[in-house]
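Read the structure below first, then the notes.
The values are calculated or read from the model by the stated rules, or taken from the named source; none is laboratory data. Since we're looking at a predicted model, the values are computed, not measured. All Cβ positions, glycine included, derive from the backbone under ideal geometry; neighbour counts span all protein chains shown.
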Amino acid sequence: MWKRIGRDMIRLILVMSIILWSMPSYSSDISISSEVDKNVVEMDDQLILQVSISGEVSSLPKPDLPDSIYKDFHVYSSGRTKNISIINGRVSSSITFKYVLVPKKVGKFTIPPIIIKYKGQIFKTSPIDIEVAKGVLPPPSRISPEEEIQPAYKPHRDAFITTTVDKKKAYVNEQITLTFRFYRGIELLDNPEYTPPDLTGFWKEDLPPQKNYYVNLSGKKYLVTEIKTALFGTSPGKYQIGEAILKINVEDLSRDFFFDKDFFGDRFFQDFFSGRNTRILKSNPIEVEVLPLPKEGKPRDFSGAVGEYTISALVDKEECEVNQPITLEVTISGKGNIKTIPSLTLPSLADFRKYETLNSFDISKSNYEIKGKKVFKTILIPKITGRLTIPEILFSFFSPLEKRYRTLRTPPISLKVIPSEKKVLPSRTIPKDGIRLVKKDIRYIKTSLGPRKKEYLLYKNKIFLGLHLLPILLLLILWRVKAKKERLSEDMAFMRFHQAYKLFKKQLKETRSAIDLNSAKEFYAGMSIAINQYLGDKLNLSPFQLTRSQISEALKRRDISQETIKEMERILDHVEQARFSPSKDIGVQEMKDIYRETKRIIERLEGNLER
Amino acid sequence: MNKLLLTIFISISSLVYGEGNEKEIFSKSNDFYKLGMYRQAIDGYENLLSQGIKDKAIFYNLGNAYYKDAKIGEARLNYERALRLSPRDEDIRFNLEYVKSIINEEKGGFATQLFAFFTLNELTIITSVFYLLFIISIFPIFFKKRYLILNLSIGIILILLGIWLGLRIYYEEGIKLAIVINPSSQVRNGPSEDYSVGFTLPEGKSVVILSKKGDWVEIGIKEKGLKGWIKKDEIEKI
């Protein structure tokens, strides 16, 4: 008992220590890491920072970039990739945030640790060192060939901004690309302050990377910084993209001649001595019309997706056991606002148990278009065996290119569901009798009631217990009766023993008269009776069937001397002989002798015999 | 005289009515069971039991209905009760072992099965018969005849039967066994919510009642050497 408790304790301690030891790994079931595509970057180049978070949870936190990073770099979000995988029913997900960093100044910088908080714990990445070198500006590139509505620029200005859109009419949820350009033919003293235009009514997505190139306009060379943003109209109507504002500081050239440029060529001195001139640059507001989606031809299952998409569906295995999960993966990929695609409605699947659908998406912004794919993963557990079909899955969207609704459908998926391995097992081990155990369950109910009985416990029944005394009682009575009987016969023997001599003397006295009458026959008969009577009484034997040997044995047993026994036998012989063959010449004297001898030997016996 | 007749009449008629009603409720409950309406079936069987009708079929069917209603504790409780009434019933034993296997309780060995092979009343009668035989075997002594080996063997059997009966009475009446009917019950180190939780018990586990204090019962688990306090309504006596 104690040994067992001890063993259990040890086991408990072991388990506890394993749990404690594995605590850190348990709590760090999410992890964070960061990386950059290059550690050395030129002033006009850019670098890509990727922050990955992964863990065995379905919802991961979003990282916060430290504030100090904004001092040294322009930071643009460049989309994220979310990935959810379900392996053996365990959900693990990872999410990668992409940022484009454009350095603001030359020097050595450190991207500080990026911190996320999850369930009260803090996870951080290691810091990354970045060196920003003073690079040569890239060769002038051509204005992107896309058709643009160019506003009238002001060639007489040495710095100006424009905002343009690629189209002024778009359907709800169709991408409109807004391009902001900053032209400058003058050097800036510090970083410009940008106030983005008011984009009420749109859903906005940054489109990195920022582009820098030279352009010649009316003989003047400008450095152009181009930032693109994708806009999606949320509801139909006419909207205005507000004016963008850029605040720049340029040197006041009017004071230039005071200084020797060679001596004061250093930027520091220029900054220090030359005058500052702050300018506010504004772009024109743009009217944009968001068109409603046509009412005619709208499919029933349409849920607002706009763009150009394709759909595919697959299962992770085409053959599985009953009650074992399979994963149905439906992927919608293409061009459009992937994020806003609502969750998929699966057809009714009566033969399956269906679990919550998890979705993950992957957005890419290459070529300034929002593209990507959204993956819907659903765990299905087949309830029955046989060939099951997942029917076609419908997905409808509006195609702005074709200006009509389209409905895509996946081909039906056929599945082979085999009986569960585990439950088949017993039949495989005992195949001889041909019995196949399919499913173990409780046995069926009973349909008839037994005879109505009163609930009782026999061992508590007093009458039943009382009956058990009867045999014992009977036993006792029998024993008593037998004892009494034995005692009685014992008593008889006792009486005979003690009265034997008295009776013998009485008999002898009666026989004596026969001597006087000289009647030998009567005398010997009387003597025989007297002796046999006496011996019978004394030895508790019947006096009528006494034999010589019986007498001798009995006397011997009672420690009577051999001599006495011999004498007794002789007298008895004589008496018996004389009694049954009487001769005429037996005289009185002889009878008297026998009488005397008999009296003497019986007297001796009487003294020696004990009970 | 008239009064007596009336009493007899009433008692007979109530008996007849009771009998009919009982069979009706039983078959109706069975119908509910067949239809998968386990809650209604449970109500019916419980109603019969509350009338004081103790039948193995009622306990067994009630256990089945509870099992189908996913109440393992109640199911086991009723199978145990049914088995006490009819220890050699294959179906009852099978379902009880099935339910026990769900909560990973070890199957009783041959000795355990043998121990409970007879009902208490059957064992009482068997012991009684051997007692009688023993006494009869003594009688020849009065006629100066002894059958020593016969006497001795019957005597030994009688002693063994007596021990068996005594143990059975102790286990069924002396020790108070109970079944946990609450899913995942917490067993505390003292008879109040203020005490820490010592261990938890799955639904359907059998425990021994040691003592009572207010709404709390002290229980023990023999094979593990565990003791603790549990709320009265989380267990039920077999």
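Candidates in region B:53-62 are the residues that are assigned to a helix (DSSP H, G or I) and within 8 Å of chain A (Cβ to nearest Cβ); of these, the one that is nearest to B:Asp31 (Cα to Cα) is B:Asn61.
Out of everything in region A:294-325 that is under 16 Å from A:Phe398 (Cα atoms), in contact with a strand residue (DSSP E or B) (Cβ under 7 Å, 6 or more places away or on another chain) and of a type outside the set (A, V, I, L, M, F, W, C), what residue ends up being surrounded by the most Cβ atoms within 10 Å (Cβ to Cβ)? Checking each candidate, the answer is A:Gly307. Those residues that are over 18 Å from B:Glu172 (Cα atoms), touching a residue at least 12 places away in the same chain (Cβ under 8 Å) and assigned to a loop (DSSP other than H, G, I, E, B), I need them from region B:187-238; list them, please. Matches in region B:187-238: B:Asn189, B:Gly190, B:Pro191, B:Ser192, B:Tyr195, B:Pro202, B:Glu203, B:Gly204, B:Gly214, B:Asp215. Summed over region B:119-149, residues that are surrounded by 15 or more Cβ atoms within 10 Å (Cβ to Cβ), farther than 20 Å from A:Lys482 by Cα, more than 9 Å from chain A (Cβ to nearest Cβ) and at pLDDT below 90 total 1. None of B:Ala82, B:Ala116 is more than 30 Å from B:Lys28 (Cα to Cα), within 18 Å of the chain's Cα centre (by Cα) and more than 8 Å from chain A (Cβ to nearest Cβ) except B:Ala116. A single member of A:Phe504, A:Phe494, A:Phe523 is more than 21 Å from A:Gly607 (Cβ to Cβ), more than 60 Å from the chain's Cα centre (by Cα) and assigned by TED's automatic domain parsing to the domain that holds A:Ile602, and it is A:Phe523. Applying the set (1) at pLDDT 80 or above; (2) loosely packed, with under 11 Cβ neighbours inside 10 Å; (3) within 46 Å of the chain's Cα centre (by Cα) to A:Leu473 leaves exactly one unmet item: (3).
Matching residues to (1) among the acidic types (Asp, Glu); (2) free of Cβ contacts under 8 Å to residues at least 24 places away in the same chain; (3) in contact with a Cys (Cβ under 6 Å, 6 or more places away or on another chain):
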site	(1), (2), (3)
B:Ile72	no, no, no
B:Ser86	no, no, no
B:Asp91	yes, no, no
B:Phe94	no, yes, no
B:Leu120	no, no, no
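Please give the strands (runs of 3 or more DSSP E) falling wholly within region A:231-319 in which 3 or more residues are at pLDDT 80 or above and hydrophobic (A, V, I, L, M, F, W, C). First the steps, then the outcome.
Working: elements: A:237-241, A:245-252, A:275-282, A:286-291, A:307-315.
In region A:231-319, A:245-252, A:286-291, A:307-315 are the strands (runs of 3 or more DSSP E) which contain 3 or more residues that are at pLDDT 80 or above and hydrophobic (A, V, I, L, M, F, W, C).
Checking each residue in region A:442-471 for being out of contact with any helix residue (DSSP H, G or I) (no Cβ under 6 Å at 6 or more places or on another chain), more than 30 Å from B:Tyr98 (Cβ to Cβ) and facing another protein chain (nearest Cβ under 7 Å) picks out only A:His468. Look at (1) at pLDDT below 85; (2) surrounded by fewer than 18 Cβ atoms within 10 Å (Cβ to Cβ) and you find that A:Lys168 fails only one, number (1). Given A:Asp537, A:Asp559, which one is in contact with a Lys or Arg (Cβ under 6 Å, 6 or more places away or on another chain), within 26 Å of A:Glu490 (Cα to Cα) and free of Cβ contacts under 8 Å to residues at least 60 places away in the same chain? Of A:Asp537, A:Asp559, the one residue that is in contact with a Lys or Arg (Cβ under 6 Å, 6 or more places away or on another chain), within 26 Å of A:Glu490 (Cα to Cα) and free of Cβ contacts under 8 Å to residues at least 60 places away in the same chain is A:Asp537. Give the residue that is nearest to the other protein chains (Cβ to nearest Cβ), with candidates limited to residues of region B:176-219 that are exposed (fewer than 14 other Cβ atoms within 10 Å of the Cβ) and not hydroxyl-bearing (Ser, Thr, Tyr). Among residues in region B:176-219 that are exposed (fewer than 14 other Cβ atoms within 10 Å of the Cβ) and not hydroxyl-bearing (Ser, Thr, Tyr), the one nearest to the other protein chains (Cβ to nearest Cβ) is B:Val197. Of all residue pairs spaced 6 or more apart or on separate chains, those with beta-carbon atoms under 9 Å, a first member in region A:162-180 that is in a loop (DSSP other than H, G, I, E, B) and a second member that is crowded, with 22+ Cβ neighbours inside 10 Å and acidic (Asp, Glu) are A:Lys167/A:Glu174. For region A:513-523, check the following and say yes or no: at least one residue is out of contact with any Leu (no Cβ under 6 Å at 6 or more places or on another chain), exposed (fewer than 12 other Cβ atoms within 10 Å of the Cβ) and β-branched (Val, Ile, Thr). Looking through region A:513-523, none of the residues is out of contact with any Leu (no Cβ under 6 Å at 6 or more places or on another chain), exposed (fewer than 12 other Cβ atoms within 10 Å of the Cβ) and β-branched (Val, Ile, Thr). Taking region B:68-186 as the region of interest, the helices (runs of 4 or more DSSP H) fully inside it that hold 3 or more residues being among the hydroxyl-bearing types (Ser, Thr, Tyr) are B:120-138. Considering only residues in region B:84-115 that are modelled with pLDDT of 85 or more and hydroxyl-bearing (Ser, Thr, Tyr), the one that is nearest to B:Pro202 (Cα to Cα) turns out to be B:Ser101.
Does region A:541-549 contain any residue that is in contact (Cβ under 8 Å) with a residue 24 or more places away in the chain and surrounded by fewer than 18 Cβ atoms within 10 Å (Cβ to Cβ)? Yes, some residue in region A:541-549 is in contact (Cβ under 8 Å) with a residue 24 or more places away in the chain and surrounded by fewer than 18 Cβ atoms within 10 Å (Cβ to Cβ). Within region A:326-348, the set of residues being touching a residue at least 12 places away in the same chain (Cβ under 8 Å), surrounded by fewer than 18 Cβ atoms within 10 Å (Cβ to Cβ) and outside any strand (DSSP E or B) comprises A:Lys339, A:Thr340, A:Pro342, A:Ser343, A:Thr345, A:Pro347.
The residue of region A:189-245 that is farthest from A:Val172 (Cα to Cα), among those that are polar (S, T, N, Q) and surrounded by fewer than 14 Cβ atoms within 10 Å (Cβ to Cβ), is A:Ser218.
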